[in-house]
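K.L.:
Quick one: this structure, given as structure tokens, is what I'll be asking you about.
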Amino acid sequence: NELAGLAHVELTGLYDLKGAVLVNVIGALQTSYGIAIAIIGVLMVLMTGDVRIGLASVIPNLTPIVVALGVMGLFGIPIGVYTLLVGSIALGLAVDDTIHMAHSFVRYERETGDAGEAVRRTLETSGVAILFTSAALVCGFLIFGFAPLSALFHFGIVAASAIAAALLADIFVTPVLFSAVARGRRAARWPAREVPQLEGGMPTV
């Protein structure tokens, strides 16, 4: 109080610099995530040729980011430059898997006209490939779990969790969403037959 108006206090030093850098990195990543999700939605719509399928495919791609943040909060892993990069890596891998799933489902659904059969064929073809590639990636990132540097250890654990979550979302969530969209579109295209009106207790023909 005695120095009010006579001095200006400003934080300096390494920790203040690290804090400012971290705040700027988090803000930049939030913006980049929003832009990436919007672009992914547009590209998925163009790739599949179906607006509903394209927009529905965005939902599984958000799962690895949410799971990565949940793992960090559950185990008390601090936010750092390494852990912040996990979201971008997981989002790219999840999009790649979802593209294969969406492309296969749209092709089989158009060939068979049956959403359930399209899901079965998609899981038997693209699903198997995604399973093995994701398993290889999870094992690769878990190698960082043996790193003596804590930043690399946290990076490996969070990245492996995010990739595993992306795999589970593409196997269990994506087919359900695609099947629901396809059946809803078919129901809207071929509405159920109306119940005939009753006259004198008898249905009219």
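K.L.:
Rounded to two decimals, what is the ratio between the C-alpha radius of gyration of the chain and 2.2 N^0.38 Å?
P.N.:
1.48
K.L.:
State in Å² the accessible area per residue of region 127-178; use a 1.4 Å probe, count heavy atoms of protein chains only, and round to the nearest integer.
P.N.:
Heavy-atom SASA per residue in region 127-178 reads 48 Å².
K.L.:
I would also like to ask the following. Using θ = phi - 60° and the Karplus curve 6.51 cos²θ - 1.76 cosθ + 1.60, what whole-Hz ³J(HN,Hα) does each residue of region 171-177 get, with Gly and Pro shown as x?
P.N.:
Whole-Hz 3J(HN,Hα) from phi for region 171-177: 7, 9, 8, 4, x, 5, 5.
K.L.:
Something else about it: Applying the Karplus parametrisation 6.51 cos²θ - 1.76 cosθ + 1.60 with θ = phi - 60° to the phi angles of region 132-144, what ³J(HN,Hα) value in whole Hz is obtained for each residue in order, glycine and proline being reported as x?
P.N.:
Here the 3J(HN,Hα) series is 6, 5, 5, 4, 5, 5, 4, 5, x, 6, 5, 4, 5 Hz.
K.L.:
Another question, if that's okay. Using a 1.4 Å probe over the heavy atoms of the protein chains, calculate the carbon and sulfur portion of the accessible area of the chain as a whole percent.
P.N.:
Answer for the chain: carbon and sulfur cover 70 percent of the accessible area.
K.L.:
Also, I was wondering about something else. Per residue, how much accessible surface does region 52-111 expose to a 1.4 Å probe? Answer in Å², no decimals.
P.N.:
For region 52-111, the solvent-accessible area averages 48 Å² per residue.
The values are calculated or read from the model by the stated rules, or taken from the named source; none is laboratory data. On a predicted model such as this, the values are computed, not experimentally measured, just so you know. Accessible surface is based on the protein model in full, side chains and every heavy atom, while ligands, DNA and RNA are left aside. Shrake-Rupley method; radii C 1.70, N 1.55, O 1.52, S 1.80 Å.
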